[in-house]
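In what follows, a single structure is set out as structure tokens and then discussed.
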Ligand code: GLN
């Protein structure tokens, strides 16, 4: 096993005993990316020299001392490009500051390494909407890696780097984690500061880890969680040690299966895997109960009003004046905006801006945006009711395993509908994790465990039990 393919935990053990050095880890990550990422396409850029210098200065006494973490290219890292996989920012923007999550990683001793690919501005679920590069699924050749954090998931699954950060607005950490066969955690809204994350849907966005193991996800959450005066939506809550109790098992835990999630649209094999995982947890002492989340059928429509509405507002700052590339020879100010936005944004981003502007426009605001906000409240209440009965909820992450590349391009609705199981947690603000199950015909599939607000410890503990049942890590060497 190469250093780049190891878990953070095992690397840390070897670092503290002096068996390996941080420089050796970084050098291996550089070698893996240089030799194999041309085929995977996980990284948009990386800066070997800065990372090697940081490795030589790493404080190994810190919890993540000397460990490299890949960063999705919509999270600012000082002195590095931040493209959001958009032509708008390509070659035209260097971050003047670190996102709070990056500051905290550095404070924990970690070394932010490289910028991972995504759907442009995190809009999509395949990474095929990247304006800059194609990312392949290293665990299922010929298939999409999922998205929007497809580069972050592929980088870990492809064993290029031990762990990465992604962002999740409607499933963008959990779904690519499921499709690539890694662990992906979306923290509760407000658990991790959004300062320095390029905003997509501000009331939905969260930063979180993608890792080989549940323990590694807990280690990263320990580092990045906590209140931040720079993000007024971050929570003034104490941050527990998320690695505590991981191996306590599920005896006495009450786990819900929402009946609305097991309808016609889901592949029989995905259903079978989730049910088998639930059965195993039951044998291990959990109580499994059927629950109802009655407003599930409205989640896709609600999300695809609220997220584009927020995006249309957030993306108005990309005007050719303040950030990124500027169109040549505009006739006047308005033409500068129009030409810059026409050339800079890809078609999915334009679709969201048009949709979002429409649902916020006078005359349609009440019919769409306001109504969607009301339905959002109903979806949140569904979860509040459910979590009065159960400690966590078990669901599929996506209705199917990773689609073949190019399968749904040109059919955005198909992509939108496949978000059905992940978006409710963002609308409600709950936490959720995807943990790998036994692959289906060689293709990875994840179990989603949803927790109550600030219930990260419960879902991590449950995910750790599922992980121990599967023994999927360490994986076989990637086939790509
Ligand atoms: N697939 C969803 C979308 O396209 C979620 C994206 C995300 O979580 N960033 O909006």
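Keeping to the stretch 188-198, report how many residues are under 20 Å from residue 226 (Cβ atoms) and within 13 Å of the ligand (Cβ to nearest atom).
Residues meeting the conditions: 3.
Just to be sure before I move on: is residue 227 out of contact with any helix residue (DSSP H, G or I) (no Cβ under 9 Å at 6 or more places or on another chain), over 30 Å from residue 102 (Cβ atoms) and at pLDDT 95 or above in the structure I sent?
no
Okay, residues lined up against (1) surrounded by 14 or more Cβ atoms within 10 Å (Cβ to Cβ); (2) within 14 Å of residue 455 (Cα to Cα); (3) in contact with a helix residue (DSSP H, G or I) (Cβ under 9 Å, 6 or more places away or on another chain):
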{"residue": "234", "(1), (2), (3)": "yes, no, yes"}
{"residue": "249", "(1), (2), (3)": "yes, no, yes"}
{"residue": "253", "(1), (2), (3)": "yes, yes, yes"}
{"residue": "260", "(1), (2), (3)": "yes, no, yes"}
{"residue": "265", "(1), (2), (3)": "no, no, yes"}
{"residue": "268", "(1), (2), (3)": "no, no, no"}
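Can you confirm whether the stretch 18-31 contains a residue that is closer than 21 Å to residue 166 by Cβ and part of a loop (DSSP other than H, G, I, E, B)?
No: zero hits.
Out of all the residues in the stretch 1-17, which are more than 12 Å from residue 65 (Cα to Cα) and part of a helix (DSSP H, G or I)?
Result: 3, 4, 5, 10.
Would you pick out the residues in the stretch 343-356 that are part of a helix (DSSP H, G or I), buried (at least 17 other Cβ atoms within 10 Å of the Cβ) and within 16 Å of the ligand (Cβ to nearest atom)?
Just the residues of the stretch 343-356 that are part of a helix (DSSP H, G or I), to begin with: 343-344, 347-356.
After this cut, where a residue has to be buried (at least 17 other Cβ atoms within 10 Å of the Cβ) as well, the list is 344, 348-349, 352-353, 355-356.
Across the stretch 343-356, the qualifying residues are 348, 349, 352, 353, 355, 356.
Going through 190, 208, 171, 181 one at a time, which residue ends up being surrounded by fewer than 24 Cβ atoms within 10 Å (Cβ to Cβ) and at pLDDT 95 or above?
Of the residues listed, the single one that is surrounded by fewer than 24 Cβ atoms within 10 Å (Cβ to Cβ) and at pLDDT 95 or above is 190.
Name every residue in the stretch 25-57 that is without any contact (Cβ under 8 Å) to a residue 60 or more places away in the chain and farther than 28 Å from residue 242 by Cβ, in order of residue number.
27, 30, 31, 34, 35, 38, 48, 49, 50, 52, 53, 56
Which residues, taken from the stretch 68-103, are over 15 Å from the mean Cα position of the chain (by Cα) and not in a loop (DSSP other than H, G, I, E, B)?
68, 81, 94, 100, 102, 103
What number of residues within the stretch 277-322 satisfy the criterion of being surrounded by fewer than 15 Cβ atoms within 10 Å (Cβ to Cβ) and free of Cβ contacts under 8 Å to residues at least 40 places away in the same chain?
10
Let's see how each residue does on (1) farther than 20 Å from residue 197 by Cβ; (2) within 16 Å of the ligand (Cβ to nearest atom):
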site: 92; (1), (2): no, no
site: 129; (1), (2): no, yes
site: 134; (1), (2): yes, no
site: 147; (1), (2): no, yes
site: 153; (1), (2): no, yes
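Which ones in the stretch 154-186 are over 10 Å from the mean Cα position of the chain (by Cα) and farther than 20 Å from residue 112 by Cα?
178, 179, 180, 181
Output the number of the condition that residue 247 fails; it satisfies all remaining conditions of (1) in contact (Cβ under 8 Å) with a residue 40 or more places away in the chain; (2) in a helix (DSSP H, G or I); (3) over 30 Å from residue 90 (Cα atoms); (4) under 26 Å from the mean Cα position of the chain (by Cα).
Unmet condition: (2).
Taking the condition surrounded by fewer than 24 Cβ atoms within 10 Å (Cβ to Cβ) and either at negative phi or within 16 Å of the ligand (Cβ to nearest atom) (or both), does residue 108 pass?
Criteria met by residue 108.
So is residue 166 within 11 Å of the ligand (Cβ to nearest atom) and surrounded by 24 or more Cβ atoms within 10 Å (Cβ to Cβ) or not?
Taking the combined requirement at face value, the residue satisfies it.
Taking only pairs six or more apart or across chains, which ones have beta-carbon atoms under 6 Å, a first residue in the stretch 425-436 that is under 17 Å from residue 447 (Cα atoms) and touching a residue at least 12 places away in the same chain (Cβ under 8 Å), and a second residue that is within 14 Å of the ligand (Cβ to nearest atom) and part of a helix (DSSP H, G or I)?
432/174; 432/425; 434/174; 434/177; 434/178
Is it the case that some residue within the stretch 414-426 is over 18 Å from the mean Cα position of the chain (by Cα) and under 20 Å from residue 142 (Cα atoms)?
Looking for residues that are over 18 Å from the mean Cα position of the chain (by Cα) and under 20 Å from residue 142 (Cα atoms), one finds at least one in the stretch 414-426, hence yes.
The values are calculated or read from the model by the stated rules, or taken from the named source; none is laboratory data. Since the structure is predicted, the reported quantities are computational estimates derived from the model, not experimental observations. Every residue, glycine as well, gets a Cβ built from its backbone with ideal geometry; the counts of neighbours run over all protein chains shown.
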